[in-house]
Amino acid sequence: MGDPSLYSSAAKAKAGDIIQFYGTALGSSPAGNIIQSVIAFGSPATVTIGSTTVTASFAGLVGVGLFQINFTVPSLPDGEYPLSITVGAASSQTGVILPVTH
């Protein structure tokens, strides 16, 4: 996903698209260990796109320090929306934009 005017191979998100988002620092991670299987979060991950909030369909630790959050893009008007993810008290960085089209 991304802005096609900046990256020619990028595509804008559409309602119903499932996005796999990867991030760090959204929870604790066992240092120095190989993750043998995914460790799902005990509390739900909340994805905010603009002023719309959706619950992640999956959120968990997939590698040491690496978290994966899957969510479905809701129906929104065309535009560029700030994207944030919250798990418990941890939140993703600001400045992430999700371009949406129909």
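What follows is calculated from the coordinates using simple rules that are stated; it is not laboratory data. Remember, predicted model here, so these are calculated numbers, not experimental data. FYI the Cβ positions are ideal-geometry reconstructions off the backbone, even for glycines, and counts take in every protein chain you see.
Out of these labelled values of mean projected area of the Cα convex hull in nm², [x] 5.9; [y] 6.7; [z] 7.1, which was calculated from the coordinates shown here?
Given [x] 5.9; [y] 6.7; [z] 7.1, the calculated one carries the label [z].
Tell me, what is the FRET efficiency for I18 and E80 to the nearest 0.05, using R0 = 22 angstrom and their Cβ-Cβ distance as r?
The value I calculate is 0.65.
Quick one: of the DSSP bridges fully inside the chain, what percent are antiparallel, nearest 5?
The antiparallel proportion sits near 95 percent.
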